[in-house]
Amino acid sequence: DVFSTSEALSRHVAKIVAAIIRERQAQKATAVLGLPTGSTPMGVYRELVRMHQDEGLDLSNVVTFNLDEYYGLKPDQLQSYHRTMHEVFFQHVNIPSENIHIPDGTIPLDQVDAYCDDYENKIREAGGIDLMLLGIGSNGHIGFNEPFSIRNSRMRLCTLDPITRRSAASDFFQEDNVPHQAITMGIGTILEARKILLLALGQGKSSIICETLQGPITNRVPATILQEHRDTSVFIDTAAASKL
Ligand code: GLP
């Protein structure tokens with residue numbers, strides 16, 4: 001679906017998220033959400049906060065798993081996804097704090113593998129992800145699965161692509177400050193979500209959106225692997241759609 005403004009896109013996506021939350025509530029079940037960061041999904045989070053505050057949307061049955069986190073950042077550091085998620089979303093809604101999972105960027109190196117296995121187990125114990133929201137990097141990464149990540153990859157510590165570090169430079173004031181590594185759900189982890197919504201905004205994403213939707217499936221562009229998923233929808237604005 002193509003939207004003329006980012007606000008319209010955010011409202012539409014937030015409605016889909018809310019519908020799943022309500023549907024699961026009616027079944028007296030949890031709604032398990034996989035959540036991204038980056039600038040793209042922020043409008044969706046703001047709209048969900050608004051629906052909670054103005055329309056009484058109840059999120060008490062929601063369980064969340066964030067996709068990724070920079071490695072080496074403390075949770076309260078300015079650029080950490082942990083901090084962003086709390087400031088923009090979690091602080092303002094009624095998701096029980098024990099239901100919120102965000103990868104911890106401070107896990108010692110020798111414990112990372114066990115930590116990632118444990119995170120994946122928690123996803124499984126929660127019943128798997130009902131709905132996964134995704135952004136896309138300008139090099140086609142999803143989460144921090146950079147080009148040439150393998151299709152069956154699981155949650156792990158990975159090395160950031162130079163393009164990704166350059167894109168993040170402004171958040172960190174200069175490129176040298178951008179971490180070199182991150183913890184991310186794998187492509188295999190992402191593909192297990194029952195429903196996926198891929199979001200992209202702006203002209204800067206137009207080429208990669210064209211490759212993702214119309215190009216061959218290749219791990220050079222990790223997002224193309226979503227073509228193999230049976231319930232993935234794409235929500236973009238007119239600018240991001242301009243090369244289709
Ligand atoms: C980061 C995140 C991705 C996100 C991407 C795009 O690299 N790890 O999950 O999709 O940025 O960010 P933006 O939405 O700001 O373009």
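Tabulated data
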quantity: Residues (within 14 Å of the ligand (Cβ to nearest atom) and crowded, with 18+ Cβ neighbours inside 10 Å) located in the range 140-155; calculated: G140, H141, I142, G143, F144, N145, E146, S149, M155
quantity: Candidate set from the range 6-36 (those that are in contact with a strand residue (DSSP E or B) (Cβ under 7 Å, 6 or more places away or on another chain) and within 16 Å of the ligand (Cβ to nearest atom)); member that is farthest from A241 (Cα to Cα); calculated: L33
quantity: Subset of the range 35-64 [over 20 Å from Y81 (Cα atoms) and in contact with a helix residue (DSSP H, G or I) (Cβ under 9 Å, 6 or more places away or on another chain)]; calculated: R50, M51, H52, Q53, E55, L57, D58, L59, S60, N61
quantity: G202 vs. criteria within 16 Å of the ligand (Cβ to nearest atom), over 16 Å from the mean Cα position of the chain (by Cα) and surrounded by 14 or more Cβ atoms within 10 Å (Cβ to Cβ); calculated: yes
quantity: Pairs, first under 11 Å from L134 (Cβ atoms) in the range 225-240, second in a strand (DSSP E or B) and among the β-branched types (V, I, T), C-beta under 6 Å, six or more apart; calculated: L226/T232; H229/I196; T232/I196
quantity: Any hit, the range 193-201, residues being without any contact (Cβ under 8 Å) to a residue 60 or more places away in the chain and not in a strand (DSSP E or B); calculated: no
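Readers should treat all values here as calculations from the given coordinates under stated rules, not as data from a laboratory. On a predicted model such as this, the values are computed, not experimentally measured, just so you know. Neighbour counts are summed over all protein chains in view; Cβ atoms, including those assigned to glycine, are modelled from backbone coordinates with ideal geometry.
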